[in-house]
Each structure stands twice: as structure tokens, then as C-alpha cells.
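Written below as C-alpha cells is the structure these notes are about.
The values are calculated or read from the model by the stated rules, or taken from the named source; none is laboratory data. In this text the structure is predicted, and so the values were computed from the model without any measurement. Glycine gets a Cβ as well: all are built from the backbone with ideal geometry, and neighbour counts include every protein chain shown.
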Amino acid sequence: MIVNSPVSDWRPLPRKVEIMTGGSPPPPQILFKMEELGFGVNHLSKLKARQGVQHLGLEEVDIKDPVTTESVTPDGSTVDEIMLRGNTVMSGYLKALKATKEALRGGWLWSGDLAVKHPENYIDRSEGPVERYNHLWGREHKDS
């Protein structure tokens, strides 16, 4: 990896080089080191910035009341279930009709995960923080 190479191997960059990653973000120390080396990392992941557009390829993700299936008010505090639908959502469990019927109802995949929707329209899971690279992500919400 570039950031772990010996300093004697480093060469100046002729221009700023933009890096893109997918999935989980690299450890913070890697991102910060790459930035020091002149790589453009200002929009790599949630560690540096939040994506300002909807998720590409996923038709709908919403937080809904599981009883009424109404969307919750995006107030950052109302906790309900994450529901998804679209052409990238599974069509069922292999050889598990009962589980499929429980998970897919009313055209939505009922995730079983609890979350809140913020006024800026992003979702924050309530299962508790996710620990990666000794850093806590997200925040814990209590179901009232």
C-alpha cells in the first residue's frame, strides 16, 4: 500500500490524484496519511463527508411504522423499522416460503432493523454503534 511504502520510494505527484473506495471506509489513519501525501480524500466516505444524493440503484429506503406502514416524520428521534424496495432488493429466501412471506410484505422488505430518519433525510440505525477500527460509528437510540 502506498502509505506504508518507505519514504525513499515516494515521488511528488504531478497533480492531485482522487481516490474512491467502496464498502466500509478505510481506517482513519490510512485516510489521513493519504491526505498528507496529496491524494484527494475529501469525499471518500462518511469519515470525511456525508453523501448528498440518494443511494444509486436502490429504489426506496424508508423508516415506517410496522403497524400502519406509514412513513415516520423525519425528526431524528422517532424510532421505527427500516423498509426497502426496488430492483436490487431480494425476491425471497431460497426454499423458505414462510420466511419470505414474513420478510416481504406489501411490496417492502421488512428489515427488522430499527432506525430514525433525520430532517436531512438520512437514516441512523438504532441497534447501537458499529465498531470498526477501534472507532464507534453511529449512535445508540432507545426505543421509547
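Find all pairs meeting these conditions: Cβ atoms under 8 angstrom apart; at least six residues apart or on different chains; first residue within the range 58-86 and free of Cβ contacts under 8 Å to residues at least 60 places away in the same chain and over 12 Å from Asn121 (Cα atoms); second residue of a type in the set (S, T, N, Q) and part of a loop (DSSP other than H, G, I, E, B).
That search, which allows pairs on different chains as well, returns Leu58/Thr88; Glu59/Asn87; Glu59/Thr88; Met83/Thr69.
For the range 70-100, which positions are more than 14 Å from Leu114 (Cα to Cα), at pLDDT 90 or above and of a type in the set (Ser, Thr, Tyr)?
Result: Thr73, Tyr93, Thr100.
Can you spot a residue in the range 110-118 that is among the charged types (D, E, K, R) and surrounded by fewer than 11 Cβ atoms within 10 Å (Cβ to Cβ)? Lay out the reasoning, then the answer.
The initial filter retains those residues of the range 110-118 that are among the charged types (D, E, K, R), namely 113, 117.
From what is left, the residues that are surrounded by fewer than 11 Cβ atoms within 10 Å (Cβ to Cβ) are none.
No - not one qualifying residue is present in the range 110-118.
If a residue must be of a type outside the set (S, T, N, Q) and within 22 Å of the chain's Cα centre (by Cα), how many such residues does the range 91-127 contain?
Kept after step one, since they are of a type outside the set (S, T, N, Q), are these residues of the range 91-127: 92-99, 101-110, 112-120, 122-125, 127.
Imposing the further condition that a residue be within 22 Å of the chain's Cα centre (by Cα) reduces the set to 103-104, 108-110, 112-120, 122-125, 127.
Result for the range 91-127: 19.
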